[in-house]
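The structure appears right after this line, and notes come after that.
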Amino acid sequence: LNTELAGLGQLYLDRSGELEQYVELPNGIISALESATFETWVTWETPPSEPKPFWERIFDFGVSTLGEDQREGGKSYLFLAPGQPGTTPKQPRTAFRDANTDGEVIIDAADATPSGVMVNMAVVVDAKAQALILFMNGIEQGRNALTEPLSAIEDVNNWLGRSQFAVDTRFGGSLHEFRIYDRALTQLQLIDSVAFGPSPAFLEPKSAAQDGSGAP
């Protein structure tokens, strides 16, 4: 919202714009999943010191205490924040909270998010292993036990670059690609994905019709 694709295969979100800029994805896209991987290539711009930066969001899927399309406090969610000056810790954080239990399942990364360069980040929900795992550039940053399912999240505010919490400041930077997988990718699969990069050739549509063999 309040921004547009520039034809360069990426989306730029300007935190200093007059209107808040973010992406709104369809309702129900994560609550229907069991295991899942949320992978993005992002270039994050370090925020200015004023207004004081506070828990920007790369993504935030869930619902606020005011309900759909509204920000106030987080009621249930899965989010990824880049971490920044003004937050404690300053490293990236992913957090899960359902609507029925008190408290969050949190992972704070071991490494800081670099600014001004493209980075791959992935949040893995492994229902079989009952684990929440955070990766950066294919390197595991941390994991925590997660016994609640994704279906416990009321995902009607599925946002890229926007938080359920009204106190959180705007995200600034470029989203080069964002993917949702309906399975828990392994570390080796994520390492391969990082090597291929955003928009790899094998994901591009074919320019000519294929025969039944599937050959190009």
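Of 39, 140, 18, which has the most accessible area with a 1.4 Å probe, and how do the rest follow in descending order?
Numbers: 39 0, 140 70, 18 175 Å².
From most accessible down to least: 18, 140, 39.
Ligands, DNA and RNA are left out, and with a 1.4 angstrom probe the accessible area of the chain is 49 Å² per residue. Charging the Cβ of each Asp and Glu at -1 and of each Lys and Arg at +1, and nothing else, the dipole of the range 61-113 about its Cα centre rounds to 140 debye. Counting protein heavy atoms only, the range 59-131 has 44 percent of its accessible area on carbon and sulfur, 1.4 angstrom probe. Evaluating kT/(6 pi eta Rh) at 20 °C and 1.002 mPa s, with the Kirkwood radius of the range 57-144 over Cα pairs in the Stokes-Einstein relation, gives 156 µm² s⁻¹. If I build a Gaussian network model for the chain, linking alpha-carbon pairs within less than 10 angstrom, which residue out of 188, 11, 33 has the largest mean-square fluctuation? Among 188, 11, 33, the largest mean-square fluctuation in the Gaussian network model of the chain belongs to 188. Packing here is the average count of other Cβ atoms within 10 Å per residue, and on that basis the peptides 45-52, 24-31, highest first, run 24-31, 45-52.
Remark on residue 141: its backbone amide H falls under 5 Å from those of 134, 135, 136, a criterion applied only to residues 5 or more positions apart or on other chains, H modelled at 1.01 Å from N. Say the dipole of the chain comes from +1 at the beta carbon of Lys and Arg and -1 at that of Asp and Glu; which of 116, 16, 70 then lies farthest toward its positive end? Highest projection toward the positive end goes to 116. Per-residue 3J(HN,Hα) values for the range 87-100, derived from phi via the Karplus relation 6.51 cos²θ - 1.76 cosθ + 1.60 with θ = phi - 60°, read 10, 10, x, 8, 7, x, 9, 10, 8, 10, 8, 9, 7, 10 Hz in sequence order (x marks Gly and Pro). Once Rg and the Kirkwood radius are both taken over the C-alpha atoms of the chain, their ratio Rg/Rh works out to 0.97. Put a plus charge on the Cβ of each Lys and Arg, a minus charge on the Cβ of each Asp and Glu, and nothing anywhere else: the dipole of the chain about its Cα centre is then about 360 debye.
The values are calculated or read from the model by the stated rules, or taken from the named source; none is laboratory data. Owing to the predicted nature of the structure, the values given are computational and were not obtained by experimental measurement. Backbone-built Cβ (ideal geometry, glycine too); neighbour counts: all protein chains shown. Accessible surface is based on the protein model in full, side chains and every heavy atom, while ligands, DNA and RNA are left aside. Shrake-Rupley method; radii C 1.70, N 1.55, O 1.52, S 1.80 Å.
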